[in-house]
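Everything below concerns the one structure shown next.
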Amino acid sequence: MEKLSGEKNGADTKAADVLISVRNLHVRYAQREILHGINLEAHSGETVVILGGSGSGKSTLLRTMVGLEKPSGGEIWIAGKNLAVISAPDLKEIRKKMGMSFQGGALFGSMTVGENVALPLREHTKLEESTIEIMVRLKLEHVGLLGYESYMPSQLSGGMKKRAAVARALAMDPAILFFDEPSAGLDPIIAAGIDNLILQLKKAFHMTIIVVTHELASAFLIADRMILIDKGYVVAAGTPENMRDCTQPRVRQFLDRVAEPEVAGEMDYLQMLTEGTSNTEGTVEDKRGA
Amino acid sequence: MEIAAQIGDEVTSGLAYIGELAALGWRAAYFTFVGPFRGRPIRFRSAISQAMQVGVGALPILSLITFFIGLILALQSAYELRKFGALNYVAGAVALSMTRELGPLITAILVIGRSGSAFAAEIGTMRVTEEIDALETMAIDPVDFLVTPKFLAMIVMLPCLTIWANAMGILGGALFGVSAANFTWGRYLQASLDALYLRDITTGLIKSVMFGITITAVGCYEGLATGAGPEEVGRSTTRAVVISIFLVVMVDLVFTALFFFLGNG
Ligand SMILES: Nc1ncnc2c1ncn2[C@@H]1O[C@H](COP(=O)(O)OP(=O)(O)OP(=O)(O)O)[C@@H](O)[C@H]1O
Ligand SMILES: [Mg+2]
């Protein structure tokens, strides 16, 4: 597996141009800055995994990359356009080539699963209704939800909603896919299925895929490139091999899934305690604008 | 001085709010009237299902309320008219108050409670569950997709409901006329029609269209402006209802004054 992704990566950097380039990105909600200068690059056909603890700003990064949040500084280049200053029609065109599956699914509660998946097709293509039906079934089959077309989202389990959301993101066969924790809360077999799907999409359709995840095994399986975010800063970035070999304490801690006191030497422990305090401040700030 | 400054701030923010509503209404109007010529069909299916909810769904309760309002109006005006032995003017009094004022107003207030609040709650929930964001990432304009059908439904259904409300109010008055003022049903209706000019009805209907625009704009705006968290949906729903009622009364005042000074009233 390692070898395979190594080869792929090598081939990509030579052949393909940079499709997504995030440069010194700052994002704030009201007064509070969440991302402090993120850099990230994705070549076309690559799978980039964004790792990071809860609340580190992964979802915020993804939302900014699809143009839902305006950056307070920096640039996001996608397919030659800078989302920080893009015009509405240009953004619309770019978005037709992007698919996004949200952390909470974000399925339309008033439509069936089938209608959810069909919506982008109905809106943006002039396909026959019968063709759309077939495509919907195809996408649902990809995520193992064939036969659930006529269910309402409220009738699905959490994991099924997530998979339906993935199917909807795939509907338009986008060139770029954004997944916010596609396999969190899924059982291991289904989660492995999502991993396979991602590998398949990359291989068969040469899709560029950005995945936010907590699942380390899955991350190393699918990633060509990884970045680890902590409290809005990029702590480390590189190929999975780079990450594995990285000796930086924060990275080791995350990758080895070590509970904090166990890694702590005396100095680390002190450092952890001080970071602990800033964490607490963070949580106080979290009670923003209720 | 401070009070003056505060009033100034309030007025500024009030005007800004109305500006936002106008912008939303303008965009919806664009998608309704200009969109079709640019190859994006009007969302008829969605508009019709909205119209069913806004219009047909409101009929039973609206009928009941306006029937009783008509009856109450008849009783109240009879109380005064009886002193002059002019009970036969009850029909005219009821017909005029219903068509010019109470028909449109009662209908609007009922529709605010049923549909304006529902718009805010529906769109607000979609905001909280990131469904609005999902629409945007799919390159679907939420105003086009969600707001435009509601405008269309409201602009068509509110005048229809108002006509119905006028009729039910007159019927309520007739019940009094027939049972307590020596009218027959036919004579009461004739007396009502004699008292009405066409413009009494049309000014009421023009107002009702403006009410429809106001209610939709406020409901949808509040929905779209919902913050994060489920409790925000409740808050924006309440705001939508309160602000709609206030603005409907303001619009009523403006148009009534306009008609008055234009000599149509
Ligand atoms: N709409 C918002 N308004 C204000 N602050 C927000 C908003 N959304 C997120 N935040 C804050 O931004 C920070 C990062 O949130 P984000 O959702 O990006 O984290 P995350 O890395 O995706 O976490 P998780 O793994 O738990 O999903 C958090 O501290 C959160 O409090
Ligand atoms: Mg997240």
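Cβ separations smaller than 8 Å between residues 6+ apart or across chains give the following pairs from segment A:175-187 residues that are over 16 Å from A:Ser59 (Cβ atoms) and modelled with pLDDT under 90 to residues that are charged (D, E, K, R) and more than 12 Å from ligand 2 (Cβ to nearest atom): A:Leu186/A:Lys162; A:Leu186/A:Arg163.
Among the criteria (1) away from chain B (no Cβ under 14 Å); (2) more than 15 Å from ligand 1 (Cβ to nearest atom); (3) of a type in the set (Val, Ile, Thr), the one A:Val27 does not fulfil is (2).
A quick yes/no check of all residues on (1) under 17 Å from B:Tyr17 (Cα atoms); (2) buried (at least 23 other Cβ atoms within 10 Å of the Cβ):
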{"position": "B:Thr203", "(1), (2)": "no, yes"}
{"position": "B:Ser208", "(1), (2)": "no, yes"}
{"position": "B:Ile215", "(1), (2)": "yes, yes"}
{"position": "B:Tyr221", "(1), (2)": "yes, yes"}
{"position": "B:Ala225", "(1), (2)": "yes, no"}
{"position": "B:Ile245", "(1), (2)": "yes, no"}
{"position": "B:Val248", "(1), (2)": "yes, yes"}
{"position": "B:Phe259", "(1), (2)": "no, no"}
{"position": "B:Leu262", "(1), (2)": "no, no"}
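Just so you know, in segment A:130-166 the residues that are more than 16 Å from ligand 2 (Cβ to nearest atom) and within 13 Å of chain B (Cβ to nearest Cβ) include one that is nearest to A:Ser218 (Cα to Cα), and it is A:Ala164. Scan segment A:45-75 for residues that are touching a helix residue (DSSP H, G or I) at 6+ places or on another chain (Cβ under 8 Å), over 24 Å from A:Leu216 (Cβ atoms) and either among the acidic types (Asp, Glu) or away from chain B (no Cβ under 14 Å) (or both) and the total you get is 2.
Could you list, in sequence order, all residues of segment A:34-65 that are under 11 Å from A:Ile20 (Cβ atoms) and not in a strand (DSSP E or B)?
The answer is A:Ser44, A:Glu46, A:Met65.
Examine segment A:175-190 for a residue that is closer than 25 Å to B:Asp144 by Cα, at the interface with chain B (Cβ under 10 Å from one of its Cβ atoms) and not in a strand (DSSP E or B), and state whether such a residue exists. No, the conditions are met nowhere in segment A:175-190. Annotation note: Cβ proximity below 6 Å between a residue of segment A:79-108 that is within 11 Å of chain B (Cβ to nearest Cβ) and a residue that is surrounded by 15 or more Cβ atoms within 10 Å (Cβ to Cβ) and among the aromatic types (Phe, Trp, Tyr) (sequence gap 6+ or interchain) occurs for A:Met100/A:Phe178; A:Ser101/A:Phe179. Of all residues in segment A:109-118, those being surrounded by 21 or more Cβ atoms within 10 Å (Cβ to Cβ) and at the interface with another protein chain (Cβ under 10 Å from one of its Cβ atoms) number 1. Within segment B:141-164, not a single residue is buried (at least 24 other Cβ atoms within 10 Å of the Cβ), more than 22 Å from B:Ala58 (Cβ to Cβ) and within 12 Å of another protein chain (Cβ to nearest Cβ). The set of residues in segment A:69-103 being within 16 Å of ligand 2 (Cβ to nearest atom) and either among the acidic types (Asp, Glu) or surrounded by fewer than 18 Cβ atoms within 10 Å (Cβ to Cβ) (or both) consists of A:Glu69 alone.
The values are calculated or read from the model by the stated rules, or taken from the named source; none is laboratory data. Just so it is clear, the structure is predicted and the values come from calculations on it, not from any experiment. Reconstructed Cβ throughout: ideal geometry from the backbone, glycine too, with neighbour counts over all protein chains shown.
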